[in-house]
Amino acid sequence: MTNNNPIGLFDSGIGGTSIWKEIHQLLPDEDTIYLADSKNAPYGQKSKDEIIALSFKNTEFLLNQNCKIIVVACNTATTNAIKELRAKYDVPFIGIEPAIKPAALHSKTQKIGILATKGTLNSELFYKNVEQFQDIEIIEQIGYGLVELIENGKINSYDMKDLLNKYLRPMITSNIDYLVLGCSHYPYLIPQIKKILPEHIKIIDSGEAVAKQTKKIVNEKVGFRAIATESRQQFFTNTNPKVLIDILGKDFKVEEKDF
């Protein structure tokens, strides 16, 4: 079974490019379309109904581009809207959730930290995931302000360093040995986070697992692209494309489009 239609991805901004990079690395011959809804970032402070409406809007944009599968490259949109998306649209969806399970299973101190948005931490899906690990202490921290700084190209700013110190120091004091990143924007902060965390604390994000699941579902349900030409990678944003270009590099073209 072959299918030359593209893989679609959307996020509340540039963060989901961390997921796109993992998928592109694993499936370099597939066409992809990435949608950055930066105008509405961050999703983490919005109501469930708003997040669902934005997820519908993004999905319809990608379906209009004939996407064969859609990756919700946003923890907040996954935890709040994936059920509704699967009920409404006849296309496979891949979600992204905080990787609590591997952290909980491997923790020696029985204490793990999770840095995520308010929308993810307050969601029903997140609560169900956490409930499975009653004997693990999970120290939750909402990453207020982090997405906004990333979206404004201020990853290495003093404000970012200050916020990360404020959020991570109590976790270190609590003796965590795993930090779970529960937002697709946050992998871009790993170099900054590593400067704060002791070496023994491992950082986990969902990118690689999402890429493997995407490959599996493409294989089982929709089919891979028949390779005849070089794959095409398209990026759309509804705000200034500069930050997205800075993250991706000059080899990729970003189109600004109102959606």
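Computed quantities for the displayed model
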read-out: Exposure of M1 as accessible area (Å², to 10), given a probe of 1.4 Å and all protein chains; value: 150
read-out: Amide H partners (placed H, <5 Å) of C74, local residues excluded; value: I96
read-out: Listed peptides 203-210, 124-131 by packing density, highest first (mean Cβ within 10 Å); value: 203-210, 124-131
read-out: Cα gyration tensor category, rounded, prolate or oblate, for segment 157-259 with a/c compared to 1.5; value: oblate
read-out: Accessible area (Å², 1.4 Å probe, nearest 10) - I155; value: 30
read-out: ³J(HN,Hα), Karplus 6.51/-1.76/1.60, whole Hz, each residue of segment 8-24, x for Gly, Pro; value: x, 9, 9, 8, 6, x, 7, x, x, 5, 5, 6, 4, 4, 5, 5, 5
read-out: Rotationally averaged projected area of segment 1-148 (alpha carbon convex hull; nm²); value: 9.7
read-out: Proximal charge balance of R225 [Cβ under 13 Å; K/R count +1, D/E count -1]; value: -1
read-out: Degrees, to the nearest 10: 158-173 long Cα axis against longest axis of the chain; value: 60
read-out: Overall form of segment 106-183 per C-alpha gyration tensor (a/c, 1.5; a/b vs b/c); value: oblate
read-out: Interatomic Cα distance distribution for the chain, bins of 10 angstrom, percent; value: 7, 32, 36, 20, 5, 0
read-out: Length-normalised contact order of the chain in % [C-alpha pairs under 8 Å, at least 6 apart]; value: 29
read-out: Within the accessible area of the chain (1.4 Å probe), percent carbon and sulfur; value: 48
read-out: List H185, H200, H24, ordered by accessible area with a 1.4 Å probe, largest first; value: H200, H24, H185
read-out: Inter-site label distance for K212 and D159 at 7 Å from Cα along Cβ, in nm; value: 3.8
read-out: Stretch gain in nm, segment D246-E50, where the contour uses 0.36 nm per residue and the Cα spacing is subtracted; value: 67.7 nm
read-out: Shape category assigned to segment 71-133 from the gyration tensor of Cα positions, a/c cut at 1.5; value: prolate
read-out: Sequence of S157, S107 from largest to smallest accessible area, 1.4 Å probe; value: S157, S107
read-out: Segment 1-65-segment 187-238 distance, computed between alpha-carbon centres (Å); value: 12
read-out: Dipole magnitude of the chain, debye to nearest 20 (Cβ charges: Lys/Arg +1, Asp/Glu -1, about Cα centre); value: 240
read-out: Karplus-derived HN-Hα couplings along segment 182-196 (A = 6.51, B = -1.76, C = 1.60, θ = phi - 60°), whole Hz, x at Gly and Pro; value: x, 8, 5, 6, 5, x, 5, 9, 4, x, 5, 5, 4, 6, 9
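The values are calculated or read from the model by the stated rules, or taken from the named source; none is laboratory data. Just so it is clear, the model here is predicted, and its values are computed rather than measured. Glycine also receives a Cβ, built like all others from the backbone with ideal geometry; neighbour counts cover every protein chain displayed. Heads up: the accessible areas ignore ligands, DNA and RNA and are worked out on the full protein's heavy atoms, side chains in. Shrake-Rupley method; radii C 1.70, N 1.55, O 1.52, S 1.80 Å.
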